[in-house]
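Worksheet: the structure to be examined is printed underneath.
The values are calculated or read from the model by the stated rules, or taken from the named source; none is laboratory data. Keep in mind the model is a prediction, meaning the values are calculated, not measured. Cβ placement follows ideal geometry from the backbone for every residue including glycine, while neighbour counts extend to all protein chains displayed.
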Amino acid sequence: MTADPTLSLLSDRLFMATVGVYVLALIFHSAQYALAAGRRVPVPAGAPGEAPAPVPQAARFGRMAVALVVLGAVLHLGSLAARGYATARWPLGNMYEFTSAICLAAVVAWLVMLRRAARRPAEDAARLVAAGPFLLLPVVVLMFLAGTVLYAQAAPVQPALQSYWLVVHVTTICLSSGMLLVAGVASLLYLVRRTGRAPWLPAADVLDRLAYRVTIVAFPVYTFAVIAGAIWAEAAWGRFWGWDPKETVAFVAWVVYAAYLHARATAGWRTAPAAWINVAGFLVIAFNLFFINMVVAGLHSYAGI
């Protein structure tokens with residue numbers, strides 16, 4: 001069975017449109033941040049430093065950026081759906097599709113956080129929106145890599161991937177990885193913010209809570225994904241765990257995130273040390289995604305580039 005060329009082309013065009021919209025949103029977010037960071041007023045006597053004053057133009061750029069991100073997410077979903085219909089399979093059969101799905105999960109998670117932030121005071125919500133360029137930048141980079149280095153023509157998957165476990169295992173890995181990208185960026189921004197730099201970013205405690213709340217949702221999903229992968233491995237290879245490189249690094253990532261959640265509940269570790277652990281966890285996820293998939297040979301090497 002071959003892929004439908006019309007739907008394949010539609011998927012590719014939607015993907016390119018998605019990247020374009022995300023880049024435009026990144027530009028608007030960057031303009032918002034630059035305007036907001038450039039306008040400050042003195043704080044009341046006795047308070048150190050300066051605090052940023054609300055900038056109407058910055059808020060306008062922020063709203064336009066968020067609207068573009070929503071449009072990009074719709075186009076993004078359409079790209080993956082068209083790829084799935086074109087190939088008559090779940091559209092997570094290669095690194096191009098996998099990376100694209102992770103980016104979509106990250107964008108949706110970010111929009112959910114913005115939606116929740118809308119219930120807070122206007123200034124707090126605006127500051128969270130101002131963190132947008134720092135999340136969109138890695139998404140745009142990953143999307144560019146997916147559309148160039150990792151791109152694969154629409155086609156049926158190899159026999160090893162023709163299983164309903166592809167839907168269960170790979171989808172949950174994508175969802176959790178996308179959410180953990182948001183958490184990792186939030187922890188990085190927290191580490192910057194607590195030094196007193198970038199005052200227009202959300203307060204350090206807001207970023208810390210964001211990272212923690214996203215991780216505490218993503219971690220059970222990631223855990224389920226690892227368990228589902230072990231069950232699939234038993235069905236496909238006759239063993240639940242074989243310390244394949246991808247399995248090993250996935251387990252290391254699980255341990256790091258478990259350590260992060262433990263650190264967040266431990267006095268003396270719940271601030272910067274926990275944030276560094278969270279950042280390390282995402283670096284392990286990224287290492288597993290790119291280096292292990294693309295460089296190291298193993299049983300998971302069939303999902304080529």
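Name the single residue that is nearest to Ala183 (Cα to Cα) among those in the stretch 248-297 being at pLDDT below 85 and under 21 Å from the mean Cα position of the chain (by Cα). Taking the candidates together, the pick is Leu289. For the stretch 199-241, a tally of residues being among the polar types (S, T, N, Q) and surrounded by fewer than 20 Cβ atoms within 10 Å (Cβ to Cβ) returns 1. Regarding the stretch 85-93, can at least one residue be identified that is under 17 Å from Val23 (Cβ atoms), surrounded by 23 or more Cβ atoms within 10 Å (Cβ to Cβ) and not assigned by TED's automatic domain parsing to the domain that holds Leu188? Within the stretch 85-93 (the criterion being under 17 Å from Val23 (Cβ atoms), surrounded by 23 or more Cβ atoms within 10 Å (Cβ to Cβ) and not assigned by TED's automatic domain parsing to the domain that holds Leu188), the answer is no, since none of the residues qualifies.
Pairing residues of the stretch 67-94 that are closer than 28 Å to Ala130 by Cα with residues that are surrounded by fewer than 17 Cβ atoms within 10 Å (Cβ to Cβ), at Cβ distances under 6 Å and at least 6 apart in sequence or on separate chains, gives Leu68/Leu24; Leu75/Ala17.
Of the residues contained in the stretch 226-239, none is found to be part of a helix (DSSP H, G or I), aromatic (Phe, Trp, Tyr), within 21 Å of Val168 (Cα to Cα) and without any contact (Cβ under 8 Å) to a residue 40 or more places away in the chain. Figure legend. Inter-residue proximity from the stretch 142-157: first residues more than 12 Å from Glu97 (Cα to Cα), second residues in a helix (DSSP H, G or I) and of a type in the set (A, V, I, L, M, F, W, C), beta-carbon distance below 7 Å, spacing 6+ or different chains. Indicated pairs: Phe144/Val19.
Condition check ((1) polar (S, T, N, Q); (2) at pLDDT 95 or above; (3) in contact with a Phe, Trp or Tyr (Cβ under 6 Å, 6 or more places away or on another chain)) across all residues:
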position	(1), (2), (3)
Ser79	yes, yes, yes
Ala88	no, no, no
Pro91	no, no, no
Met95	no, no, no
Phe98	no, no, no
Leu104	no, yes, no
Leu114	no, no, no
Ala117	no, no, no
Arg120	no, no, no
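Against the conditions (1) touching a Pro at 6+ places or on another chain (Cβ under 6 Å); (2) touching a residue at least 60 places away in the same chain (Cβ under 8 Å); (3) of a type outside the set (Gly, Ala, Ser), Glu97 satisfies every one except (2).
To keep it simple, each residue is scored yes or no on (1) more than 14 Å from the chain's Cα centre (by Cα); (2) aliphatic (A, V, I, L, M); (3) buried (at least 19 other Cβ atoms within 10 Å of the Cβ); (4) part of a helix (DSSP H, G or I).
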| position | (1), (2), (3), (4) |
| --- | --- |
| Leu136 | no, yes, yes, yes |
| Leu150 | yes, yes, yes, no |
| Ala186 | no, yes, yes, yes |
| Leu189 | yes, yes, yes, yes |
| Thr195 | yes, no, no, no |
